[in-house]
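First comes the structure, then the notes that go with it.
Each value in this text was obtained by applying a stated rule to the coordinates, not by laboratory testing. The structure presented is a predicted model; accordingly, all values stated were derived computationally and were not measured. Here the Cβ positions follow ideal geometry from the backbone for every residue, glycine too, while neighbour counts run over all protein chains shown.
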Amino acid sequence: MADLDNVKDTKDYHFDIPASNQAFFVKGAGALDWGMQNRLARIFNPKSGRTVMLAIDHGYFLGPTSGLERVDVNIVPLVPYADALMLTRGILRATIPPAFTGGVVMRASGGPSIRKELSNELLAVDIEDAIRMNVSAMAVQVYIGGEFETQTVNNMTRMVDMGNRYGIPTLGVTAVGKDMVRDAQYFRLATRICAELGAQFVKTYYVDKGFDTVIASCPVPIVMAGGKKLPELEALTMASRAINEGAAGVDMGRNIFQSEAPAAMIQAVQAVVHENMKPAQAFELFQALKRKQAADLGV
Ligand code: R5P
């Protein structure tokens, strides 16, 4: 029985303070349930409203690509600098320390390898297994204009329905197949379809002209995919432009883990995304951190 001795009278009702009813900070997410908002807040930093996601899911169709040969050796040291990780369940279980408290965005579609038609994907994770791993979101690739367009859209909408049942957001990933045009018109189409069909956030590539129109016409946050490896200053400049034009963050892979100094690069990207640091200054930060790391290692 509960201890009923010395039960104090209630008195602090703070009649002068209205109950707070704050708007949720993620674009388009105001009407979502508490669990879904909480998961989005594990991905998007509530202070800046933005995210630096580290994408390491490439192996699901590429195998052990350069920089990801040994995730335990090369990637685990970067994990403290990422707001969220984008990865497969296999890599999560096998290599990522469960003490990681950032967001986990799980690659939830797959099937074909680089040797086959890439758009022929199916869902590749059961929602129960994702819940078991306490994920923050599920990522599904959508090939608008691709050979298996309808199938991949259907993968995403099924995942949205399952995610809505359990409070898990879905990230729609706009894929560009080998022959697809990458311009603002294409990405307006692809991102808007993902959002209209229920994705709570969308990942897409940066385009030099009209990226702001892609952001403006998408009712949920867009995170910029990194794309092929660029020299560090160019990659930081691209991230900075995307942020200035309204992106809610980046989901970068090769431009971080294939950098000559990945830990320095992800910290420079963090400065661009969360502190609006200018690309030239972020590049100086990258070089300074790279020199420090070399000095620490005695090389
Ligand atoms: C590739 O298919 C993966 O989905 C990656 O997550 C995505 O392309 C981002 O990685 P990167 O910055 O290397 O393009």
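Taking 8 Å as the Cα distance limit and 6 or more residues as the minimum spacing, I'd like the relative contact order of the range 1-86 as a percentage. Computed over the range 1-86, the figure is 26 percent. Its alpha carbons give the range 76-131 an Rg and a Dmax of 13.1, 37 Å. The ellipsoid equivalent to the alpha-carbon distribution of the chain has semi-axes of 32, 26, 21 angstrom, derived from the gyration tensor eigenvalues as √(5λ) and listed largest first. When the C-alpha to C-alpha distance is required to be over 30 Å, the pairs from LYS47/LYS290; LYS116/LYS209; LYS228/LYS292; LYS27/LYS116; LYS27/LYS290 that qualify are LYS116/LYS209; LYS27/LYS116; LYS27/LYS290.
Here the contact order of the range 208-298, divided by its residue count and restricted to Cα pairs under 8 Å and six or more residues apart, works out to 28 percent. Over the chain, Cα pairs under 8 Å with separation of 6+ residues give a relative contact order of 16 percent. The eigenvalues of the Cα gyration tensor, multiplied by 5 and square-rooted, give the range 1-145 an equivalent ellipsoid with semi-axes of 40, 19, 16 Å from largest to smallest. Scanning residues 5 or more positions from LEU171 or on other chains, those with amide H under 5 Å from its amide H are MET138, ALA139, VAL140, with H placed 1.01 Å from N in the peptide plane. Which trypsin sites (Lys or Arg not before Pro) does the range 1-53 hold that lie in a coil by DSSP with at most 12 other beta carbons within 10 Å? When the trypsin sites (Lys or Arg not before Pro) of the range 1-53 are filtered for loop state and at most 12 Cβ neighbours within 10 Å, LYS8, LYS11, LYS47 remain. Compared with the direct C-alpha span, the chain from PHE25 to LEU189 gains 56.5 nm at full extension, assuming 0.36 nm per residue.
Each 5 Å bin, from zero up to the one with the longest distance, holds this percent of the alpha carbon pairs of the range 227-284: 4, 23, 37, 25, 10, 1.
Per-residue Karplus couplings for the range 92-98, computed as 6.51 cos²θ - 1.76 cosθ + 1.60 with θ equal to phi - 60°, are listed in order as 4, 5, 7, 10, 8, x, x Hz, Gly and Pro entered as x. Under 5 Å from the amide H of THR51 lie the amide H atoms of ASN45, GLY249, VAL250, each residue being 5 or more positions distant or on a separate chain, with H modelled from the backbone and absent for Pro and chain starts. A simple rule links phi to the HN-Hα coupling: the Karplus curve 6.51 cos²θ - 1.76 cosθ + 1.60 with θ = phi - 60°, which for the range 136-144 gives 9, 6, 10, 10, 10, 7, 10, 9, 6 Hz, with x for Gly and Pro. Alpha-carbon geometry of the range 183-299: the Rg and the Dmax are 15.4, 53 Å, given in that order. For the range 88-165, taking the reciprocal of the average inverse distance between every pair of different Cα atoms yields a Kirkwood hydrodynamic radius of 13.3 Å.
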